Amino acid sequence: MATLSAKPGQRFSVPDWHTSSQLLSADAERQRSASHRVRQEARALRNDTDSQTKWDKQNNQTRLADRISSVSRWKERLERCLADIDAEIDALAKVKEAAESALQAKNLAWEVSIECLALRERRRTPDLVRDPVEEELHKEVKVIDKARRELQQKVTEAFQQLCHLQEVRQQLSCDHRHKMEALEIDHICLSLDVDSPNISFKVSPTRVPGRSATLDEWEGHSRDNKEQAEAEIKASSQLREAAVLTIAQTHNQLEAQRVATEFAFRKRIRDMERAYDELKWQEQNTLEEVAEQEEDIRRLGEDLRRKAEYLKVAHTRLETRSCRPGGELCRDQAQYGLTDEVHQLEGTIRALRQKLAESQDTLDALYRQLHRTQTDLGCKANSLVLDNKCMDSRRKLVVPAEKFVPEVDTFNRTTNRELKNKQLELA
């Protein structure tokens, strides 16, 4: 038989064995109960946290969608506002260009008025007068200066308003661009889930970023930008209306003054033409009177010479009869007749000489008057030429410069030719 290699362990009694089994069973029961309780609590926690997580995700999805909707609405408002600002900028720029064109037209009108005044300064005495035409030209210069100042002011105001609109548009554009970026970011956040790539833990994700604003501040900022843009659009619209009204008013004022000035020019030209025709008639009559007076002077001279011959005859007869001899030297009727003839001829000669001197004085006066008339004709011809040149210059105010062709000054050529002929006659 084989022998035991080692001494057996301590032996327990049967009651101890039963006690040990009962304790082991009790411990197992207690552990199972604790495990069951933990499992139930874990299941409840899982259910609760799963529901909470889903609701939180759903709520945040809704919040993100609402935020996207809110930002989208503001983005659309800003887009409409930007479109309105762009339209207003274009409209104001066109009005500014129109005001600049009107100002340029006023510069042309001012130059024409100054040119007319300078041309009329070349009139000669006695036509160098301050007539209604000159008064209307001075009024026109004042009207043009006032219109130029008003238009220049509107151009300056339009330029400044365009700068304000561009500044506001820059702010709106920046706000719109930021909202576009925010929408893109929120759309990305809305599309993220647990299966999305590039999700990871971040360092201090719950921190509040610097320079972050509250929701009221954000909305107030956008609202302020929109209200400022609307205010600038309203101011620009009012400025456009005022500028258009100023352009129309200055155009009407200048047009009315231009019509008045040209009416005065036409009336003055008609008056000058009538005066010129009257002077021409006077010149012609004076020339005829000069010719007749010269002829009468020539005839008076001939009569005076004939009367002197007759006086010589009477003197010779009387002298010859004084040589009669003796008693023949008597005062007979022939003697008395010859004596009366001598006295009559001497009186006639005196009267003829006096009348000849008077006629010569009259002829000299006619020549002086003719010279004054022809000088005045030259002045009026010069004035008519200058006024017609003024009217030609003023055609540039109603006819485009590229289509402006001065009319042939037939009056100037005719009057100059006539004046030269008269000067040659006088010489």
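The values are calculated or read from the model by the stated rules, or taken from the named source; none is laboratory data. Keep in mind the model is a prediction, meaning the values are calculated, not measured. Cβ atoms come from the backbone with ideal geometry, glycine included; neighbour counts cover every protein chain shown. Calculation scope for accessible area: heavy atoms of the full protein, side chains included, ligands and nucleic acids excluded. Shrake-Rupley method; radii C 1.70, N 1.55, O 1.52, S 1.80 Å.
How would you classify region 128-259 from its alpha-carbon gyration tensor, with a ≥ b ≥ c the square roots of the eigenvalues: rounded for a/c under 1.5, else prolate if a/b is greater than b/c, otherwise oblate?
Judged from the Cα gyration tensor, region 128-259 comes out prolate (a/c at least 1.5, a/b above b/c).
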Discussion item. Per 0.36 nm of contour for each residue apart, how much would the distance between THR49 and GLN228 grow if the chain were fully extended, relative to their Cα-Cα spacing?
Written reply: 59.6 nm
Discussion item. With +1 assigned to the C-beta of every Lys and Arg and -1 to the C-beta of every Asp and Glu, and no other charges, what is the dipole magnitude of region 1-108 about the Cα centre in debye, to the nearest 20?
Written reply: 740 debye
Worksheet item: Reachable aspartates and glutamates from LYS75, Cα under 15 Å, same-chain residues fewer than 8 places away excluded?
Response: ASP66, ASP84, ASP175, GLU181, GLU184, ASP186, GLU219, ASP224, GLU227
Discussion item. Please list, in order along region 370-379, the HN-Hα scalar couplings obtained from phi with the Karplus expression 6.51 cos²θ - 1.76 cosθ + 1.60 (θ = phi - 60°), rounded to whole Hz, x for Gly and Pro.
Written reply: 4, 5, 4, 4, 5, 5, 5, 4, x, 4
Worksheet item: In whole Å, what is the distance between the alpha-carbon centres of region 71-119 and region 320-344?
Response: 113 Å
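Taking R0 as 22 Å, what's the FRET efficiency between ASN107 and ALA242 from their Cβ-Cβ distance, rounded to 0.05?
With R0 = 22 Å, the Cβ-Cβ based efficiency is 0.55.
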Practice prompt. Determine which residues of region 254-279 fall in the zone a paramagnetic label at LYS139 would reach in this model, i.e. backbone nitrogen under 20 Å from the point 7 Å along Cα→Cβ.
Written response: 254-272
Worksheet entry | Two-site label geometry, ILE114 and ALA235: point separation in nm, points 7 Å out along Cα→Cβ | 3.5 nm
Discussion item. What is the angle, in °, between the Cα long axis of helix 14-120 and the longest principal axis of the Cα atoms in the chain? Nearest 10 is fine, range 0 to 90.
Written reply: 0 degrees
Worksheet, complete the sentence: For the chain, the percent of accessible surface on carbon and sulfur atoms (probe 1.4 angstrom, ligands and nucleic acids excluded) is 54 percent
Item to complete: Specify which labelled value, from (i) 136, 15, 13; (ii) 55, 30, 21; (iii) 63, 27, 19, agrees with semi-axes √(5λ) of the Cα gyration tensor in Å derived from the coordinates of the model shown.
Response: (i)
Worksheet item: Considering only Cα-Cα distances, which of the following residue pairs are longer than 29 Å: LYS106/LYS267; LYS280/LYS307; LYS142/LYS234?
Response: LYS280/LYS307; LYS142/LYS234
Item to complete: Assuming R0 = 25 Å, can you tell me the calculated FRET efficiency for the pair LEU318 and ASP296, based on Cβ-Cβ distance, to the nearest 0.05?
Response: 0.20
Worksheet item: Of the residues VAL385, VAL313, VAL194, which exhibits the maximal mean-square fluctuation in a Gaussian network model of the chain defined by a 10 Å Cα contact cut-off?
Response: VAL194
Response to the item:
Here the relative contact order (percent) of the chain, from C-alpha pairs under 8 Å and at least 6 apart, is 24 percent
Discussion item. On a straight-distance basis, which lysines could pair with LYS202 in a cross-link, Cα separation under 29 angstrom, same-chain partners fewer than 8 positions away excluded?
Written reply: LYS54, LYS57, LYS179
Worksheet item: GNM on the chain, C-alpha springs below 10 Å: top fluctuator among GLN22, GLN153, GLN333?
Response: GLN22
Item to complete: In debye, nearest 20, what is the charge dipole magnitude of the chain about its Cα centre with +1 on Lys and Arg Cβ and -1 on Asp and Glu Cβ, if you could check?
Response: 1580 debye
Worksheet item: Once Lys and Arg get +1 and Asp and Glu get -1 on their Cβ, which of GLN160, PHE201, ALA231 lies farthest toward the positive end of the dipole of the chain?
Response: PHE201
Item to complete: Spit out the partnerless Cys residues in the chain, using Cβ distances under 4.7 Å as the pairing rule.
Response: CYS81, CYS163, CYS174, CYS189, CYS323, CYS330, CYS379
Fill in: Difference of contour (0.36 nm per residue) and Cα-Cα distance, GLN333 to GLN253
19.2 nm
Worksheet item: Modelled label-to-label distance, ARG32 and GLU309, 7 Å Cα→beta-carbon offset: nm?
Response: 19.2 nm
Worksheet, complete the sentence: About its Cα centre, region 63-166 carries a charge dipole, from +1 on Lys and Arg Cβ atoms and -1 on Asp and Glu Cβ atoms, whose size in debye to the nearest 20 is 360 debye
